[in-house]
Amino acid sequence: MRVRVDKIIVRRRLRKELEDIESLMESMRKYGQLCPIIINSHNELLAGERRLTAAIRLGWPTIEAIVLDKDDELEMLEIELEENLARANLSNSEIDEGLKRLAKLRNPSIFRRILNFFKRLFRKIFKKRRHW
């Protein structure tokens, strides 16, 4: 569900430093919000402070949120910890592989460019025929 950012209450948080907000803002500007924040039924933030901060700095009036019916301080802290600890970052080899694949897609070989040209051409031709 979408929630107004000015209605979200941020209480005492574990994370003290919201590192690298600029790169998160750039990602959100380019791709949108990929993961919702988590709030409780009282609009108190449980997880996603960096995403919320980035959205506010981007001037977004609303943000996508998941609402969990949690208002017990123990449960709220458990969710904040879980969201930050359970996440597994990519390994260095996975990052390297992803960057190599991205470079290939951004700079295709001449053969791939020709193949992509004909794919687009045939899609246009057959798309027009369906509309006849």
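The values are calculated or read from the model by the stated rules, or taken from the named source; none is laboratory data. None of these values were measured; they are calculated from a predicted model. A quick note on method: Cβ atoms are made from the backbone with ideal geometry, for glycine too, and the neighbour counts reach across all protein chains shown.
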Return yes or no: is residue 48 among the small types (Gly, Ala, Ser), surrounded by 14 or more Cβ atoms within 10 Å (Cβ to Cβ) and in the same structural domain as residue 10 (by TED's automatic domain parsing)?
yes
Filter result for the condition that a residue is of a type in the set (Lys, Arg) and surrounded by 12 or more Cβ atoms within 10 Å (Cβ to Cβ), over 57, 15, 87
57
Please find, within region 60-76, the residue that is modelled with the highest pLDDT out of those that are surrounded by fewer than 15 Cβ atoms within 10 Å (Cβ to Cβ) and among the hydrophobic types (A, V, I, L, M, F, W, C).
66
Report those strands (runs of 3 or more DSSP E) wholly inside region 14-132 carrying at least 1 residues which are touching a strand residue (DSSP E or B) at 6+ places or on another chain (Cβ under 7 Å), within 21 Å of residue 1 (Cα to Cα) and in contact (Cβ under 8 Å) with a residue 40 or more places away in the chain.
37-40, 62-68
